[in-house]
Every structure is written in C-alpha cells, then in structure tokens.
Amino acid sequence: MSGQSDPRGSTFSAAELEFLAEDETIEIVPNLRMERLSLICGDFGPFRPQIATQVPIWLAVALKKRGKCTIRPPDWMSVEKLTQVLEAERDSASSFEALPFHYVEISRLLFDDARDDIPDVYMVRSLIEDIKDVRFHKIGTGLEKLSSRTYAMKLNLSAMEVNVIRPFVTGGLETFYKLGNPDLIQESSDRPEHRRPQPADRGPRRELRR
Amino acid sequence: MESGSDKGTGGSSAMDDYETLISTTDADLLKRSWRNEKASPEILQFESSLVQRSREQIQLMEETVEEFMNNGEDPLTVSLYQMDIDRTMFLLRSYLRIRLQKIEKFMFHIQKTAELWTRLSRQEQKFAKRSIEDTKQHLDESVLSKLPDRYKSHLKQSVISEEDDMVMEPKLDAFVICRSRKFLGGLPVDDRKSARHVRGGYLCTSLQVDKTTS
C-alpha cells in the first residue's frame, strides 16, 4: 500500500499522521440535505442546510471539495488565540503551550481545502508557521541537553513534532546507554573468545580520559 | 523541555492507546491495534475476531454501496461510503502487512519461541513456515553448504556457539516516547535498570511526552 511507512524509518510517516488527524471531528455547516450516514467509523448526520453538525475532518474536506458545506475552523485557529499562544511560546524557553495533538496536520488540511472558511487566513497561516518555527527551535535547543544521564524527560509536543524527533532521541539515548555501559558493548559486538583481552584494554583507555 | 527535571514512567504502549477510554467502535479498535502493532518491536497477539469483524463490515458496506448504485442513490453519498470503506481497508491491510514484515524479519526467532508462535494467525503460521523453509534452503544452497562442517548451521555462527547467535531478535529493551493519558506527577526513575525494565521488558519510559487529558 502506498501510504505505509518504511519499516526501518520513523514509526509513522507524515501521511499516516495525516490519516490519523483526519479522524478528529470538526464542525461543518452543510448546504445540502442528506440522510444520516451509517459509516464503519460511526454515524454522522442527518445533514440539513444551515444546521451545524460534527463530522470527521476527512468527511468535512470531501464535502467541502464538492462545495457542499462550509467548515467552521476550531476555536484555537483564530488570530486572537494563536497570537496568545505565539507570545507564550516566545516568552518561555522551555515549556510548550497546549495545542491540539494534531495541530500541524489539521491546520495543513484546512489551509489546503478550506481557505475561504478561515477568517484572516493569511494571518492565521503565518501565525501557525511562526508557532511551528518557535517550537521546533525550542525542541532543537532542548535536545542539546540530552546526555548520558538523561533517563526521562517531559515534553508537551504534538504528533508531528514527536514523530520528527523520535528516531533521533531514542537512538541518541540508546547510544549514550551503550557507551556508558561497557559490558553491553562487549556482549553485543564481541565473540566469546575475544572477551578476555578486553578488560586489560580498558584500563589505559580510562586513564586517558581522566 | 528540561532534561531530568521531570521524570516519569508510563504504562506499556501508553502513547498508542490513549483513546482506549473513548474507543468503542471496531474502527477505533482497529486503529488502536494498527498503532500498537506499528510501534511495538515484537509481534503482538493476532486480533482474529477484530479482523474477522472488520472484514465482514467491509464486505457488508461494499454490498450496501452496490445496492445504492443500483438504486440510483445520490453519487455523493455513494462516494462518501466508498471513502469510508477505503479508509478501513487501508488500516486492515496495513495492519496485516506490518505483521508480515515482522514475521519475515524475525521468523527464526518466532519459530523457536512458542509464545510468539501462538500469537500468529493460522495463515500467518503457514506463511512463516514457508518463508523459513525458503530462506533456509536459500542460505544452504548459496553459502552454508560450501562452508566447513562446523559453520553449516543457519542458526549458529559455529558449532561451539552455545546459543543461536545468528538469529535476529527484536529489541525489547529500548527507549520509547510515550504519551500519557492523564497528568502524571513527578514519578521518580531512580536508576537506569528500573527505568528500563518495568512491565515485561519492553516499552518502558525513558522519555515522556506529557499531556494532560483534554
């Protein structure tokens, strides 16, 4: 299947995250009359003109593309809310503001297909871009603190952000762990007969470090 | 994001099943199984009844769509139903594919571990058996039969190896990122051993994505 991520890469591909985000619900105002849809993922509708209803984003986008509804952007996608978030993000060097788990994907989906339904779309778009930049910069500087003594860290990240840093963080911690634990290196990389000379080797090396 | 300031442990696969509480439909369950299977290094129990139900649902829906088309139903409605079917099909296919990839990768390990072997469906066992035979034959014919006697096994480096050291095993002892369903206070992780070996060996927190419940 085309959308499936490479098993060796990151756990989820960007397309798969978008797929997951498309299941989040959003409010639409239909302009057509349609009976209730009994789908595998749930029942939606009935759809009546001018009566707002909740549907998954994929359904909203499908209707929108055919000009059958207007999408009501979620509360957090307003200039006012996003300005607050951006300011808070800039003020604090380490904490992350609460945004929906899929904010990157959702905003992208709506910018692609429902531009005319978002008030001040240019402003909203540039605010979200700025927020994304500020947050990724913070993540980058935060990762520099990663060390051999990092056992756990607490973050408040979105799906896309986590997905980007996951391979690096887990790989990095793994390497720190290995390097900090000589037995592990021996076990995994040396065959039994080579094991004996190893401890003798390690003595001088350690002195060099001091 | 301050390293070490807040530490926490989370349950296994907490990142993946944060929706458990609200998921009731099979579509949600399938999504969850797909996510779990994708994120876990080893093969998980095959969700036979869930897969069965999903297949029946897809079939039922396809029949419904056909009926709609025959009855001249609004093409828009038909296409929406079709999209829903496609989404479910994608999940189901992807779920089965991930499992096959894992089986291909770890087939010898799965074969010699009874617990893992029973996690496969009957068809998967058949697939595993055949790929094991083929791989073995291929290794024998291409390389192993030409080596000296003591290096002929496809499981061991040489006859003096005590363990099957040429069998690839999934890495169950790895760092993970997980998402907590509710706010966790400061949970102490005292030393690395305990941080890495909670809950059956795999998926233990070393890094936590914390999220208060919405």
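The values are calculated or read from the model by the stated rules, or taken from the named source; none is laboratory data. Computed from a prediction, not measured in an experiment: that's the story for all the values here. Every residue, glycine as well, gets a Cβ built from its backbone with ideal geometry; the counts of neighbours run over all protein chains shown.
Do we find that A:ILE28 is more than 30 Å from B:GLU104 (Cα to Cα), touching a residue at least 40 places away in the same chain (Cβ under 8 Å) and buried (at least 19 other Cβ atoms within 10 Å of the Cβ) in this structure? Please lay out each step first, then the result.
Details: more than 30 Å from B:GLU104 (Cα to Cα): yes; touching a residue at least 40 places away in the same chain (Cβ under 8 Å): yes; buried (at least 19 other Cβ atoms within 10 Å of the Cβ): yes.
Spelling it out, A:ILE28 is indeed more than 30 Å from B:GLU104 (Cα to Cα), touching a residue at least 40 places away in the same chain (Cβ under 8 Å) and buried (at least 19 other Cβ atoms within 10 Å of the Cβ).
Would you check if A:HIS102 is free of Cβ contacts under 8 Å to residues at least 60 places away in the same chain and either surrounded by 18 or more Cβ atoms within 10 Å (Cβ to Cβ) or under 15 Å from the mean Cα position of the chain (by Cα) (or both)?
Details: free of Cβ contacts under 8 Å to residues at least 60 places away in the same chain: no; either surrounded by 18 or more Cβ atoms within 10 Å (Cβ to Cβ) or under 15 Å from the mean Cα position of the chain (by Cα) (or both): yes.
It is false that A:HIS102 is free of Cβ contacts under 8 Å to residues at least 60 places away in the same chain and either surrounded by 18 or more Cβ atoms within 10 Å (Cβ to Cβ) or under 15 Å from the mean Cα position of the chain (by Cα) (or both).
Suppose we keep only residues that are of a type outside the set (A, V, I, L, M, F, W, C) and within 13 Å of A:ILE71 (Cβ to Cβ) within segment A:23-42. Which one would you say is farthest from the other protein chains (Cβ to nearest Cβ)? So that I can check it myself, show each step before the final result.
Initial filter on segment A:23-42 (of a type outside the set (A, V, I, L, M, F, W, C)): A:23-25, A:27, A:30-31, A:33, A:35-36, A:38, A:42.
The next check asks that each one be within 13 Å of A:ILE71 (Cβ to Cβ); those that pass are A:24-25, A:27, A:30-31.
Values: A:GLU24: 11, A:THR25: 12, A:GLU27: 16, A:PRO30: 11, A:ASN31: 12 Å.
Among them, the one singled out is A:GLU27.
Condition test on B:LEU60, is it within 14 Å of chain A (Cβ to nearest Cβ), under 30 Å from A:ALA62 (Cα atoms) and exposed (fewer than 15 other Cβ atoms within 10 Å of the Cβ)?
In short, yes.
Cβ-Cβ under 9 Å, sequence separation 6+ or interchain: first residue in segment B:24-45 and free of Cβ contacts under 8 Å to residues at least 24 places away in the same chain, partner part of a helix (DSSP H, G or I) and crowded, with 20+ Cβ neighbours inside 10 Å. Which pairs?
Partner pairs satisfying both residue conditions: B:LEU29/B:SER54.
Tell me yes or no: at least one residue of segment A:91-99 is at pLDDT 80 or above and aliphatic (A, V, I, L, M). First the steps, then the outcome.
Step one: filter segment A:91-99 for residues at pLDDT 80 or above, giving A:91-92, A:99.
Now narrow it down to the ones that are aliphatic (A, V, I, L, M): A:99.
Yes, segment A:91-99 contains at least one residue that is at pLDDT 80 or above and aliphatic (A, V, I, L, M).
Only one of these conditions is not met by A:THR25: (1) more than 21 Å from A:SER158 (Cα to Cα); (2) in contact with a strand residue (DSSP E or B) (Cβ under 8 Å, 6 or more places away or on another chain). Which number is it?
Unmet for A:THR25, out of (1) more than 21 Å from A:SER158 (Cα to Cα); (2) in contact with a strand residue (DSSP E or B) (Cβ under 8 Å, 6 or more places away or on another chain): (1).
Those residues that are within 30 Å of A:THR175 (Cβ to Cβ) and among the hydroxyl-bearing types (Ser, Thr, Tyr), I need them from segment A:119-149; list them, please.
Selection gives A:THR141, A:SER147, A:SER148.
Can you work out which of the residues in segment B:35-51 that are assigned to a helix (DSSP H, G or I) and either modelled with pLDDT of 95 or more or among the hydrophobic types (A, V, I, L, M, F, W, C) (or both) is surrounded by the most Cβ atoms within 10 Å (Cβ to Cβ)?
Pass one, segment B:35-51, residues assigned to a helix (DSSP H, G or I): B:35-39, B:48-51.
Checking the rest, the ones that are also either modelled with pLDDT of 95 or more or among the hydrophobic types (A, V, I, L, M, F, W, C) (or both) come to B:39, B:50-51.
Details: B:ALA39: 19, B:LEU50: 16, B:VAL51: 17.
Selected residue: B:ALA39.
Any idea how many residues of segment B:69-104 are within 11 Å of another protein chain (Cβ to nearest Cβ), of a type outside the set (A, V, I, L, M) and either surrounded by fewer than 17 Cβ atoms within 10 Å (Cβ to Cβ) or not in a helix (DSSP H, G or I) (or both)?
The number of residues fulfilling the criteria is 11.
Of everything in segment A:73-97, what is within 14 Å of chain B (Cβ to nearest Cβ) and surrounded by 14 or more Cβ atoms within 10 Å (Cβ to Cβ)? Give them in sequence order.
A:PRO74, A:TRP76, A:GLU89, A:SER95, A:PHE96, A:GLU97
For a quick check of your reading of the model, give me the residue pairs whose first member lies in segment B:160-178 and is at the interface with chain A (Cβ under 9 Å from one of its Cβ atoms), whose second is β-branched (Val, Ile, Thr) and outside any loop (DSSP other than H, G, I, E, B), with beta-carbon atoms closer than 7 Å and at least 6 apart or on different chains.
Hits for this filter: B:ALA174/A:THR170; B:PHE175/A:THR170; B:VAL176/A:THR170; B:VAL176/B:THR205; B:ILE177/A:VAL162; B:ILE177/A:VAL169; B:ILE177/A:THR170; B:ILE177/B:VAL209.
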